[in-house]
1. Out of (1) in contact with a Phe, Trp or Tyr (Cβ under 8 Å, 6 or more places away or on another chain); (2) assigned to a helix (DSSP H, G or I), what's the single condition that is false for B:LEU96?
2. Could you tell me whether any residue of the stretch A:49-72 is more than 30 Å from B:GLY83 (Cα to Cα), more than 7 Å from every other protein chain (Cβ to nearest Cβ) and modelled with pLDDT of 85 or more?
3. Within the stretch B:397-404, does at least one residue satisfy the condition of being within 21 Å of the chain's Cα centre (by Cα), surrounded by fewer than 24 Cβ atoms within 10 Å (Cβ to Cβ), among the aliphatic types (A, V, I, L, M) and within 30 Å of B:LEU198 (Cβ to Cβ)?
4. Do we find that B:TYR209 is within 28 Å of B:LEU292 (Cβ to Cβ), over 23 Å from the mean Cα position of the chain (by Cα), modelled with pLDDT of 90 or more and aromatic (Phe, Trp, Tyr) in this structure?
5. Restricting the first residue to the stretch A:77-102 and requiring it to be facing chain B (nearest Cβ under 7 Å), which pairs with a second residue that is exposed (fewer than 15 other Cβ atoms within 10 Å of the Cβ) and not hydrophobic (A, V, I, L, M, F, W, C) meet a Cβ separation below 8 Å and a spacing of at least six or different chains?
6. Can you list the helices (runs of 4 or more DSSP H) found entirely within the stretch A:22-125 that contain at least 3 residues being under 30 Å from B:ALA90 (Cβ atoms)?
7. Among the residues of the stretch B:146-199, count how many are on the phi > 0 side of the Ramachandran plot and surrounded by fewer than 24 Cβ atoms within 10 Å (Cβ to Cβ).
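The values are calculated or read from the model by the stated rules, or taken from the named source; none is laboratory data. This one's a predicted model, so the numbers in the text were calculated from it and none came from an experiment. Don't worry about glycine lacking a Cβ; one is built from the backbone with ideal geometry, like all the others, and counts go over all protein chains shown.
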Amino acid sequence: MTGRGGSPTTYPPDRVTAPVRRPRGDVWCEAAATPEFVALRRRLLRFVVPATVLFLLWFCLYLGLNAWTKDVLSVRVGGLPVVLLLALGQFASTFALTAAYNRYATRRLDPLAAVVRDRLEERAP
Amino acid sequence: MTPVLPPAVGDPVLNVAVFAVFLLVVLVVVLRVSRSGATRSSYYAGGHGFTGPENGLALSGDFLSAATFLGIVGAVAVSGPDGFGYAVAAFVAWLLALFFVAELIRNTGRYTLADVLTVRLRERPVRAAAATSTVVISIMYLLAQLAGAGGLVALLLDVTDPAGQAVVIACVGGLMIVYVLIGGMTGTTWLQIAKATLLLATGAVMTAYVLGTHGLSLTRLLDAAAARHPAGDAVLRPGLLYGGGLLAQADLLSLAIGGVLGVAGLPHILMRFYTVPTARQARSSVTWAIWLIGGFFLLTLVLGYGAAALVGPERILAAPGGVNSAAPLLALEIGGEVGLALVSAIAFATILAVVAGLTITAAAAFAHDVYANLIRRGRATAAEEIRVARRATLVIGVLGTAGGVLANGQNIAFLVSLTFTAAASANLPTLLYSLFWRGFTSTGALWSMYGGLAVTVGLITVSPAVSGTPESMLPGIDIAVFPLTNPGLVSVPAGFLLGWLGSKLGGERPDAAAFARISVRAFSGAGVARPVPGDPSLPPPEGRHRRTPWRPARDRRDVGSPADDTDTGRISDGPIGLDDDRPAPSRPSAYPAPGPAGGTLPRRVPGAATGASGTGAFFRPATPVGAAVRDEPRERPAYGPRDARPHPGPGRR
């Protein structure tokens, strides 16, 4: 590059108009290799993957029970049919996971993301 | 049962009057916000200037279509818990949007789905595929929404002849085009916010009334509904809608898969995440949307049983519009003609808001992806692109309205669930693979998007939804080979499988650097608000735009979008907002030159390198060229309290 061996004057015209090629050691690859980024990605996945598996299984359970155990679901517990309680349970779990994710993201993800971002944007602390 | 009740319910003039008031209020807001003049960022993304709560309201306004609002209330009234199952699926689905989509999309994209994908995948083919899927899915949904308006018109305005209904549908379509053309995404957003507020407030009041008349006891309400329902207690048990054998269960599963996985891939929902400035605001918008939509679905459960108890399923089914008339009839029962007029206005506002969101999404995909980046190869100016976007809005709006008029009366209700399934089969796999799978390639994206779309549309064509049964769209012919009315059970796995196969068999090597780029951008949000030095991309040009309806809200809405007018509009072309304290940089005369192949120089600082830091330098020369910048960041404490402070993004200063 111009700063290295050659005279650091102006770019030759052909290189100015040439499409930008990505150098092999670009900023994104460097950032992706930092321990903070690796930890950030791992922390995100460590929350969302189990949470997704959990809620999908729980939803499939709701579907399955609806399909095959209609008798059980017809029982009324405290005046409400079990099928409606299950549906409300889906709502409750969704609200709970939303709150949990927000809490987790604010505490565990945002600070780490800020480190990675600030370093890339090179902002003075 | 007595002969069919007179369909004329309420006072059509009053219904129209309430709707007109709503239109007027929204129009005033839209006119105020559109005064700043349209740029790409304001036309496509509302200037990235909305807050999380506002966007959450708009998301729920965009999501709660007539099918979800009127349809679920009616389905619960007529079919009990089975009818509510759709609401459960559509609601749970939002977790996917929260976990995997909202923040990551906001961090990587600018205007369209293709902007996200092309951060790591090949520009032209992938952009074409993403635009195709966006336009196809949006137009399918648009048709379904407008065609469904016919029944509403009959119910609410007492217009029963097809010509009259066509005029009303055309009016709704025309209104939508006017709003979108005047207000762009900003206007659409305010339309959706207004509608969501009205919908939630009315739903809450109606629910309070219904519960109040039953001693605030859900149990008593359920008993009253069962007493009024012809099927008796069956309305409190599963099985009324999906009672049959294995095939019916498979159909239900198919529908549920499409519903759960589709929401996070719907183009008009994805588009909404660009209207906020930061990932935090995107997260906050989905969180708000989840609370609002969840709360509203809980209201629909009460309203559905309330309609069964107070109106009665026979009367609902006999009214024009069928199950969709449950909510309007309940409103008539509760609030008389004024109540009905309010719900009618909401129903039309719902159609208006949803089709506006769909039209602008399709228009953005056409103008930004197809025209500016594929046809003009990124050389179109922002003004040209906006002009094309407006024309595309007009054309798509007119075509959609015409299609809606033609399809009026056809049984195309399956199109709504098909839209979700198509989004789950074509968009979601591509999006998830792009963000999380190292080995994904452009070929995989093409296979998954075109393949997922083709499998979905192909299977629905040979399904009972289109032909073979009396309820089909074309009852006269029978080409139904596929047994299910919804192809999700096959097409969603097919979309994921095709993406994987295409990546493995496509003979293309995954681009590790591109994967690093999209991952770091998506997870950290680097480059969204401020430039990343050394990033080989265009800097943002000068200029900032104001688009606030209420001027005093400076602290949050005065977000400049200097990158509005970059040549291609990709997020990698520069940040979407800049700090006030930093003067807008002048545009450099040239790209930074590429580094030597395989070179180890970590950052290019063109200004310092050329000694011309005053004029051509966009990237501030933070480090002397040749210094070991690579090790510099390690000197900072990684987890210090200073880093834990909230990121002062452009939306929060």
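1. All conditions are met except number (1).
2. Looking through the stretch A:49-72, none of the residues is more than 30 Å from B:GLY83 (Cα to Cα), more than 7 Å from every other protein chain (Cβ to nearest Cβ) and modelled with pLDDT of 85 or more.
3. yes
4. In short, yes.
5. Going by the 8 Å Cβ cut-off, the qualifying pairs are A:GLY79/B:SER217; A:GLY79/B:THR219; A:LEU80/B:THR219.
6. Passing ranges, in order: A:35-68, A:70-74, A:82-104.
7. 1
Yes/no matrix, rows are residues, columns are (1) in contact with a strand residue (DSSP E or B) (Cβ under 6 Å, 6 or more places away or on another chain); (2) modelled with pLDDT of 90 or more; (3) among the β-branched types (Val, Ile, Thr):
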site: B:ALA114; (1), (2), (3): no, yes, no
site: B:VAL126; (1), (2), (3): no, yes, yes
site: B:SER138; (1), (2), (3): no, yes, no
site: B:GLY151; (1), (2), (3): no, no, no
site: B:ALA154; (1), (2), (3): no, no, no
site: B:ASP161; (1), (2), (3): no, no, no
site: B:VAL168; (1), (2), (3): no, no, yes
site: B:TYR179; (1), (2), (3): no, no, no
